[in-house]
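Okay, structure first, notes after.
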Amino acid sequence: MLRTLFQDVQVQSLMLAERQCVYNMLINLMETREAELKGLGADFVFGFVQSMDGERDPRNLLLAFHIAKNIIHRGYDLGKFAEELFEVTSCYFPIDFTPPSNDPHGITREELILVLRDVLSGTPKFAEFLLPLIIEKLDSDVPSAKLDSLQTLTACMLCYEQKDLAEFLDGLWMSLRREVFQTSSEKVESAGLAALTAVTSCLSRSVLNSESEDSLCTFLGAVLKDCKHHLCEPDLKLVWPSAKLLQAACCASNRASHIITAAVMPDLVEQYNSRTQCSHRRTLLEVVQRFTQSVKSGSPTENEENVLSPFRSSLCSLVFSALVETNSSLQVTATAVLASLAHYPGLLLDHDIELAVDHLTRLLLSEEDDKVSLAVVECARQVAELQPTPFITQMIPKLKNFLISEPMLQDGDDLKQKSYHVVRQRCLSALAAVSSQPCVIQESAPLLLDILKATHTGEVCFTGEEIVLTCRSLQKIAEQAKVTEEIGQCFHDLVIPRLLSLALQAALQAEKSPEDHSPLVKEDVLSAMVPVISNSCSRLHPGLASQTASRAVSLFLDGDVSFLPSNSFPSQIRLLKGDSWSLTQLVCLLMACVCSLPRTVAVPQLERLLSELEEMSCTCSHLFSYTSAAKCFAGLVNKIPQGELLDTLLERTMARVSTELDSSSLCGQTQAFTLLIWVAKALLVRYHPLSNALTDKLFSALDDEHLGPLVADGFSMLMSDSYDVLNRNCHADVRIMYRQRFFSENSAKLVKGFNAAPQEKKPNYLKALSNIVNKLPKQVQVTELPALLSLLLEALSCPDQSVQLSTLSCLEPVLADPPPALIQQLEALVTRLTALTGSPSMNVKIASLRCINTLSHFPVHEVLPFRARIIRALAKPLDDKKRLVRREAVLARGEWFLLGSPGGR
């Protein structure tokens, strides 16, 4: 059949569909009769070449390229037709195809490029034809052709050997050098560097014998000859291209790293030491940094010396001399070099690491430049992960002395006072950054807890911001610590009990002396403690997690303080009952303990605990306390399995909530609503059937005079991610796409309620709609908003600025691809948007101006009638007192001026 096809059928004289039939027939035969096809030998290849020669249709080319790819990659015999197969496929290289905008076939340029690249780079037999072609195409002025050629060259190096490259190395190097030295495109430059790495790697794989030339040394000799001398001219532009080329070759193999580093590094160190200008030294140091990073991929074998070992002493001297400079750029670069050197085992000796930690500690405590401080903290983080011991023995004790001691500052010295607090905050961040290894955590975590204790007792005066930062440092340690039994035991035995003890001591002190209470009773401090405990508990092993749950429940239900350090508490402590706000607000810490545990961990006395949390939610008058109780209740309900226990609990709770909502007490209604919205969220995120009934109850409350605005705001919380409870980090039962499901089930109800509501209640519905839609993914907004357009336009007229801003943020992505319904509403849309450009809110003005700018991209015949009107309206924001508003007004007005003009759209 094939012989007949190849001999008697002139494929290229057939129509498109018939040619396609031939290619599909060949593909099917290759899948089902490969052995027979290979039995034809090179005749099959020749027949295919004749059939494909002259093909121009992209659909058929894609099929033909796949056939050629199979011939090459599946080991068909090319015989003497390798050049013919190359010629018939390479004539399309590089691909220059742009599909029409209405193309129904979906053939893309990228698809053709990739399959043709697989063909051309699939066999070394094409090397003698392909490499000259690539060198020729690199002379092109078309960036896409250069990019395709370089990427194809890189792909070829995976299967080529030194003998395939030998006669083309000079031409390849000249082309690659030119693309980096004279490039006008970052993509082309990156592709050129990648190709150089691939070529060097290919040469590095060659096996040497006594008679063969060392192609790698010859090639790298040419690279060094053309690039090395530029490194000694740090004030010229050719330094960086030369450095990039050398580094690209350096990272190809360990052998290449040895050759290039041995040739370059002594000159760089000598140049650095001989230069006096900081700009020159910075440039040289940055080049050194790039080299220390580029040799990473060429890491030595176990018994082989590190590439940088011969230069260890000079590199250390260079880094340490830069760290004591006053130039901030030098110091920042030096920290990056130090971090790179630390990643090589054995490169930095013990005394080098100790000296480095001394320098880093000195800079932490004395440096005023923020960039240097950030670089020092990042460097300390990387080095501590590899060499923790010096940080335990040197840095942490010095930071402790600084943090625990009070500064000896004179009154009125505000500048020094401010600088002291900046350094203090930096030290707290550094403590968290270096605490990745268990041995460091066992030193840093107690220090941070000691700081909290010292602020509680008054030994040290920390600002509220610094206390919160201390808690956040503990949180970061809990988040980044590896989940090990040792770390879990540390948090279980030390961190969680001490935090609970300090918070309880502060609460009892505030109860006795309301006027002179500890800073640890502040809501922002307690809120910062919550994620520390939550992250700690969520990562505990099951045994420790069960113990933590038992301890926390016993403390809050029965006042059992036996596990707390500094156990001098009263015997009967009522944390979930009573009138003391300082005690009841500690329920947020109970939430952190029990709501973050894995769902497999049973919470003891669950029914009693839920009963007391419900009571507290409905009766406690302290906002932070009853809100935290409601969140804790919801977090526990979310994890209760479906069944009788959950049904009974929800029935009882909803009866209580309904009673409270119907009461005349405004405070009681607010508390019941808080419990309702959190329980609704707990059920919504897990797709519980009762969630629909609860959301219906929320929608009905939008008409309530007192609760309506609260409910409208509550929908934002209902649709948002919660950072402290009901999230996946806390092991909550959170299903995917619950927001989209909520919207699809309730958007019609919202529209119906809006239409039926009295005029004075309509803003509540608009705010609820805006809060719901604003939390939806952008792609969902674009598809769903046309149906709600009339309400959104109404929302733009709502006096509430938060509703206006939320609605504008929803409209902006829809305006980029307007549906027909939106174009029909242009009059109303333009009227409302131009009115909002005079809003008192800067953010509303900016958002409205961006929307007006996007309107100018609508079909010209639709928006041209509004041109003069909008240009007049945009004159006022041109004189706005805020620069950001003026900038958006200029951009929008410029677009509208161009609309309809001969040189415009």
Options Leu2, Leu37: the member that is open to solvent by less than 50 Å² (accessible area, probe 1.4 Å) and over 51 Å from the mean Cα position of the chain (by Cα) | Leu2
Residue that is under 28 Å from the mean Cα position of the chain (by Cα) and in a loop (DSSP other than H, G, I, E, B), where the choices are Leu776, Leu815 | Leu776
Test: residue in segment 733-755 that is open to solvent by less than 50 Å² (accessible area, probe 1.4 Å) and charged (D, E, K, R) | yes
When every residue in segment 593-613 that is open to solvent by 10 Å² or more (accessible area, probe 1.4 Å), out of contact with any Leu (no Cβ under 6 Å at 6 or more places or on another chain) and assigned to a helix (DSSP H, G or I) is compared, the one nearest to Ala549 (Cα to Cα) is Leu606
Only one of Glu136, Glu111 is closer than 26 Å to Phe48 by Cα and out of contact with any strand residue (DSSP E or B) (no Cβ under 8 Å at 6 or more places or on another chain), namely Glu111
Do we have any residue at all in segment 7-16 that's under 22 Å from Asp118 (Cβ atoms) and under 48 Å from the mean Cα position of the chain (by Cα)?
-> no
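For (1) closer than 17 Å to Arg205 by Cβ; (2) basic (Lys, Arg), each residue gets a yes or a no:
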residue	(1), (2)
Lys237	no, yes
Gln247	no, no
His258	yes, no
Thr261	no, no
Pro266	no, no
Asn273	no, no
Where a residue in segment 661-682 is in contact (Cβ under 8 Å) with a residue 12 or more places away in the chain and its partner, wherever it lies, is of a type in the set (Asp, Glu) and open to solvent by 30 Å² or more (accessible area, probe 1.4 Å), with Cβ under 6 Å and at least six apart | Gly668/Glu660; Ala672/Glu660
Looking only at segment 243-294, which residues are within 24 Å of Arg178 (Cα to Cα), in contact with a Ser or Thr (Cβ under 6 Å, 6 or more places away or on another chain) and among the hydrophobic types (A, V, I, L, M, F, W, C)?
-> Ala248, Ala249, Cys250, Cys251, Ala252, Ala256
All conditions in (1) open to solvent by 10 Å² or more (accessible area, probe 1.4 Å); (2) assigned to a loop (DSSP other than H, G, I, E, B) are true of Lys453 except (2)
So which residues in segment 756-782 are open to solvent by less than 10 Å² (accessible area, probe 1.4 Å) and among the β-branched types (Val, Ile, Thr)?
-> Ile772, Val773
For Ala630, are the conditions met, namely being aliphatic (A, V, I, L, M), in a helix (DSSP H, G or I) and either touching a helix residue (DSSP H, G or I) at 6+ places or on another chain (Cβ under 9 Å) or at pLDDT below 90 (or both)?
-> yes
List the number of the failed condition for Glu486; all other conditions in (1) open to solvent by 10 Å² or more (accessible area, probe 1.4 Å); (2) in a helix (DSSP H, G or I); (3) touching a residue at least 24 places away in the same chain (Cβ under 8 Å); (4) within 22 Å of Cys595 (Cα to Cα) hold.
-> (4)
When the residues of segment 853-881 are filtered to those that are surrounded by 14 or more Cβ atoms within 10 Å (Cβ to Cβ) and under 36 Å from the mean Cα position of the chain (by Cα), which remaining residue is nearest to Glu827 (Cα to Cα)?
-> Leu855
Selected residue [in a helix (DSSP H, G or I), in contact with a Leu (Cβ under 9 Å, 6 or more places away or on another chain), open to solvent by 10 Å² or more (accessible area, probe 1.4 Å) and of a type in the set (A, V, I, L, M, F, W, C)] from Leu526, Leu557, Leu544, Leu590 | Leu557
Hey, Ala787 among the hydrophobic types (A, V, I, L, M, F, W, C), more than 23 Å from Lys845 (Cα to Cα) and without any contact (Cβ under 8 Å) to a residue 24 or more places away in the chain or not = no
Of all residues in segment 687-707, count the ones that are open to solvent by 20 Å² or more (accessible area, probe 1.4 Å), on the phi < 0 side of the Ramachandran plot and assigned to a loop (DSSP other than H, G, I, E, B).
-> 5
For segment 176-190, name all the residues that are open to solvent by less than 70 Å² (accessible area, probe 1.4 Å), more than 31 Å from the chain's Cα centre (by Cα) and more than 17 Å from Leu220 (Cβ to Cβ).
-> Arg178, Glu179, Phe181
State the number of residues belonging to segment 783-799 that are in a loop (DSSP other than H, G, I, E, B) and either open to solvent by 50 Å² or more (accessible area, probe 1.4 Å) or farther than 17 Å from Gln759 by Cβ (or both).
-> 2
Given the structure, is Val468 at pLDDT 90 or above, in a helix (DSSP H, G or I) and either among the hydroxyl-bearing types (Ser, Thr, Tyr) or within 26 Å of Pro570 (Cα to Cα) (or both)?
-> no
When you scan segment 708-726, how many residues do you find that are open to solvent by less than 10 Å² (accessible area, probe 1.4 Å) and more than 29 Å from the chain's Cα centre (by Cα)?
-> 3
Could you list, in sequence order, all residues of segment 835-852 that are within 23 Å of Ala787 (Cα to Cα) and open to solvent by 20 Å² or more (accessible area, probe 1.4 Å)?
-> Arg850
Out of all the residues in segment 387-431, which are at pLDDT below 90, part of a helix (DSSP H, G or I) and over 27 Å from His456 (Cβ atoms)?
-> Leu415
Which ranges mark the helices (runs of 4 or more DSSP H) fully within segment 1-103 that have 3 or more residues being modelled with pLDDT of 85 or more?
-> 16-32, 34-39, 42-52, 58-73, 82-90
Would you please name the residue that is most open to solvent (accessible area, probe 1.4 Å), looking only at residues in segment 128-157 that are within 32 Å of the chain's Cα centre (by Cα) and modelled with pLDDT under 90?
-> Pro143
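This table checks each residue for (1) closer than 16 Å to Leu374 by Cα; (2) out of contact with any Leu (no Cβ under 9 Å at 6 or more places or on another chain); (3) surrounded by fewer than 21 Cβ atoms within 10 Å (Cβ to Cβ).
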{"residue": "Leu315", "(1), (2), (3)": "no, no, no"}
{"residue": "Phe320", "(1), (2), (3)": "no, no, yes"}
{"residue": "Leu323", "(1), (2), (3)": "yes, no, no"}
{"residue": "Ser328", "(1), (2), (3)": "yes, yes, yes"}
{"residue": "Gln331", "(1), (2), (3)": "yes, no, no"}
{"residue": "Thr335", "(1), (2), (3)": "yes, no, no"}
{"residue": "Leu338", "(1), (2), (3)": "yes, no, no"}
{"residue": "Gly346", "(1), (2), (3)": "no, yes, yes"}
Residues located in segment 471-505, provided they are among the basic types (Lys, Arg) and modelled with pLDDT under 90 | Lys482
Tell me, please, whether a residue that is more than 41 Å from the chain's Cα centre (by Cα) and open to solvent by 30 Å² or more (accessible area, probe 1.4 Å) can be found in segment 100-114.
-> no
Determine the pairs where a residue that is closer than 17 Å to Arg886 by Cβ, located within segment 824-840, has a partner that is open to solvent by 10 Å² or more (accessible area, probe 1.4 Å) and part of a helix (DSSP H, G or I) with Cβ atoms under 6 Å apart, the partner being 6 or more residues away or on another chain.
-> Thr834/Ala873; Thr837/Lys845; Ser839/Lys845
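The values are calculated or read from the model by the stated rules, or taken from the named source; none is laboratory data. Keep in mind that what you see is a predicted model, and the values were worked out from it rather than measured. Counting neighbours? That spans all protein chains shown, and the Cβs are built from the backbone with ideal geometry, glycine included. Protein only, heavy atoms only, side chains kept; ligands, DNA and RNA dropped before computing areas. Shrake-Rupley method; radii C 1.70, N 1.55, O 1.52, S 1.80 Å.
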